[in-house]
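S.K.: I'd like to ask you about the structure that follows.
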Amino acid sequence: MCGLLGFLTADVATDAVVQQVYDALQCGRHRGPDERGTWHDENIILGFNRLSIIDIDHSHQPLFWGPADDPERYALAFNGEIYNYLELRAQLAEEFGAEFRTEGDGEAIVAGYHYWGTEVFGRLRGMFAFAVWDTRTRRLVLARDRFGIKPLFLATGPNGTAYASEKKSLLELLPALGLSDELDVRALEHYTVLQYVPEPESLHAEVRRLESGCYATLAIGEQPEITRYFEPTFRVRPFAPGEDLKRYREIAEVLSDSVAKHMRADVTVGAFLSGGIDSTATAALAIQHNPNLLTFTSAFEREGYSEADVAAETAAAIGAKHYIRTVGPEEYAAAIPEIVWYLDDPVADPALVPLYFVAKEARKHVKVVLSGEGADELFGGYTIYREPLSLKPFEYLPGPVRALAGRLSERIPDGTRGKSLLHRGSLPLEQRYYGNARSFSDAQLRAVLREFRPEWTHQDVTAPIYARSRGWDPVARMQHLDLFTWLRGDILVKADKMTMANSLELRVPFLDPEVFAVAEQLPYEQKITKETTKYALRRALETIVPPHVLHRPKLGFPVPLRHWLRGPELYDWAALQIAESQTDHLLDKAAIKAMLEAHRTGGVDHSRRLWTLLVFMIWHGIFVEDRIKPDIQEPAYPVRL
């Protein structure tokens, strides 16, 4: 595990630029408290902060590898874990006679790249963002895992290209690249619509993300050439008569294998545990490999906003030692500036905060935790995925009749039962579904955004994704969309950033190529029924997950923001953020204050809209105004130059 920072110069890597890269690594120190340093040659600077997980003593970075006639041809800087590295090493040794000098997973990447070329990226079973520098061809290749578990930012200017795990490190190098730190107002509007910044955008116009499932090849003085190597297809394979149990057993077996591989580490592995089926399945399978498994959950003091009791019952049922971290409103608010600093770009998901605190608690006991992210997207876990069933009658209506239903819905007062159903039934899937974050209407956005542009809608982001899924069933199309939006923009960002903030590695066994290969074949009726979600997964886990969890409805991770923003817990704090923010050129602060007051009276729930704007204001205060200065703790680690 490593925090990456690199610079491919258009000219020569001077001592001054090498020092700038080294200094910028300070912003990503939390990603690697065990080792920090740089290596460079004439054109490339490879920087890293390393957290030791596998082969602690020998897999230093950069890692050099090459064939017998050129043993240090390649230099690798690697963030992540490859779970099938033992199998890949054995295959490379048998087929090509490849030799390895460490016991770690990094050499499998470089040797695979040497013998298989870019085809190796599709063979890697793990989470990763890495850079391979070929000293012979003088070319750099960057790659990111299929689902976007590990981040990688890019910036290219007249003086070269830089890449980083942490955007804040990259911002330090923009002047050296010949770039500005101008904001991207289009990305800001996308953020307010979606509550996260969609890939490949960032809120800085000169900084982009390398998208999930892609690699980039770079030559000195040229623009990166980006290629997609993984495209999820959801190739449905209907259930043949009588094969139900066989298919459910296949799901259980592939998930069990994935958890076993994700347990590979030279350090203790724990697990996050909520009251849901996904984390419970992960922990129940993990304890088969580690009977002393530790599990962790977070809770709120307010009744009705905690699954801690269910999680504790689950831990007892599977035999795990369990820890609960309770979060109150005062420490919730106090931690937000630090959390936003770690995020790099704002994410308006209130569950970030309890995740940060439970990760902090877990890091006292373990270096690695397993979690259940990705199960909903792969197996059909979101309640909204059932919407096509409820809207199916609208499909039989002629187009003009559906349009009339939409116009009628506009005349129905807000809050009237049936208004939303009528409106959504009048729209095609591409217009009505853009993920789980839906808060602002266009009218509300016009009121708060100074530069609102109606063409920068959710379809600006989703249309190219929907174009690749034409002809699929609607549930598969929604899942496919979520893989490219909600999952990699919100779920995985908060999972990576909040755990890495505490130098804790998070592993997600559901987001595994072999698990996906089984999940993508499920027909929609094995995912969604009128009664439940994740139908096939629940059937597959009947002998693994305790009964009190197996058929619980999905709760998510509710945060009592609605109540806190109305009362003494967070109202004064929110009003202060609005008053002090220097975002008047971007936001109508008077409209936002009016929104807060309307929320306070209880007539309407603006909590998610307010939270979206408040998180951006804090982000702006940190990264633009330099007004807010979070107290970031300094990890102690040895330095290797």
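The values are calculated or read from the model by the stated rules, or taken from the named source; none is laboratory data. Quick caveat, the model's predicted, so the values are computed rather than measured. Glycine gets a Cβ as well: all are built from the backbone with ideal geometry, and neighbour counts include every protein chain shown. In case anyone asks, the SASA skips ligands and DNA or RNA and just uses the protein heavy atoms, side chains included. Shrake-Rupley method; radii C 1.70, N 1.55, O 1.52, S 1.80 Å.
S.K.: Kindly rank 119-131, 618-630, 255-267 from highest to lowest mean number of other beta carbons found within 10 Å of each residue.
M.R.: Output ranking for 119-131, 618-630, 255-267: 119-131, 255-267, 618-630.
S.K.: Report Rg (one decimal) and Dmax (nearest whole number) for region 298-440, counting Cα atoms only, units Å.
M.R.: Final numbers for Rg and Dmax: 21.1, 62 Å.
S.K.: Run the accessible area of the chain with a 1.4 Å probe and give the carbon-and-sulfur part as a rounded percent.
M.R.: Summing carbon and sulfur atoms, their accessible area is 50 percent of the total for the chain.
S.K.: Continuing with the same structure: Kindly give Rg over Rh for region 184-267, based on alpha-carbon atoms, with the Kirkwood expression for the hydrodynamic radius.
M.R.: 1.17
S.K.: While we're here: DSSP beta bridges in the chain, what fraction antiparallel, as a percent rounded to 5?
M.R.: Around 75 percent of the beta bridges assigned by DSSP in the chain are antiparallel ones.
S.K.: In vacuum, with every alpha carbon of region 415-568 counted as one equal point scatterer, what does the Debye formula give for log10 I(q)/I(0) at q = 0.10, 0.19 Å⁻¹? Two decimals, please.
M.R.: These q points yield log10 I(q)/I(0) values of -0.54, -1.56.
S.K.: Excluding ligands, DNA and RNA, what is the solvent-accessible area per residue of region 586-635 at a probe of 1.4 Å, expressed in Å²?
M.R.: 41 Å²
S.K.: Which residues does the label zone of GLU330 cover in region 558-586, counting backbone N under 11 Å from a point 7 Å along Cα→Cβ?
M.R.: Of the residues in region 558-586, none has backbone N under 11 Å from the label point off GLU330.
S.K.: Moving on. Report, in whole Å, the centroid distance computed from the Cα atoms of region 253-305 and region 1-22.
M.R.: 38 Å
S.K.: Can you pick out the pairs among LYS167/LYS261; LYS360/LYS497; LYS167/LYS629; LYS392/LYS419; LYS367/LYS494; LYS150/LYS367 whose Cα atoms lie more than 21 Å from each other?
M.R.: LYS167/LYS261
S.K.: Given only helices, namely DSSP H runs of n ≥ 4 each adding -39500 (n - 2.57), what is the per-residue ellipticity at 222 nm of the chain, to the nearest 500 deg cm²/dmol?
M.R.: Rounded to the nearest 500, the figure is -11500 deg cm²/dmol.
S.K.: Okay, next question. Please list 514-526, 407-419 highest first by mean number of surrounding beta-carbon atoms within 10 Å per residue.
M.R.: Most protected by this proxy first, the peptides run 514-526, 407-419.
S.K.: Taking the Cα centre of each part, how many Å lie between region 384-453 and region 89-167?
M.R.: 44 Å
S.K.: For LEU397 and ASP15 in the same chain, what is the full-extension length gain: residue separation times 0.36 nm, less their Cα-Cα distance, in nm?
M.R.: That pair, LEU397 and ASP15, stretches by 130.6 nm at full extension.
S.K.: What GluC sites (Glu not before Pro) does region 235-277 have in DSSP loop regions with at most 15 other beta carbons within 10 Å?
M.R.: Listed in order of number, the matching sites are GLU243.
S.K.: Let me ask another. Bin width 10 Å, alpha-carbon pairs only: give the P(r) of region 424-488 as whole percents, running from 0 to the bin holding the largest distance.
M.R.: Pair shares across the bins are 19, 49, 26, 5.
S.K.: If each Cα of region 196-336 is one equal point scatterer, what is log10 of I(q)/I(0) from the Debye formula at q = 0.12, 0.13, 0.15, 0.19 Å⁻¹?
M.R.: These q points yield log10 I(q)/I(0) values of -0.86, -0.95, -1.04, -1.08.
S.K.: How far apart, in nm, are the 7 Å Cα→Cβ label points at ASP442 and THR532?
M.R.: 4.1 nm
S.K.: So for region 171-226, what percent of the C-alpha to C-alpha distances run longer than 18 Å?
M.R.: Looking at region 171-226, the distances longer than 18 Å represent 46 percent of pairs.
S.K.: Next question. Sketch the reach of a paramagnetic label on GLU231 as a point 7 Å from Cα along Cα-to-Cβ, and name the residues of region 469-494 whose backbone nitrogen lies under 18 Å away.
M.R.: 469-473, 476-485
S.K.: Counting other Cβ atoms within 10 Å, keep those with at most 15, restrict to DSSP loop, and tell me which trypsin sites (Lys or Arg not before Pro) in region 532-584 are left.
M.R.: LYS554
S.K.: Expressed in nm to one decimal, what extension gain is obtained for the pair ARG186 and ASP631 from 0.36 nm per residue of sequence separation less their Cα-Cα distance?
M.R.: My answer for the length gained is 157.2 nm.
S.K.: Shape call for region 535-611 from the C-alpha gyration tensor, a ≥ b ≥ c root eigenvalues: rounded (a/c under 1.5), prolate (a/b greater than b/c) or oblate?
M.R.: Taking the square roots of the gyration eigenvalues as a ≥ b ≥ c, region 535-611 is prolate.
S.K.: For a quick check of understanding: with a 1.4 angstrom probe and all protein chains in place, what accessible area in square angstrom does PHE616 have, to the nearest ten?
M.R.: 0 Å²
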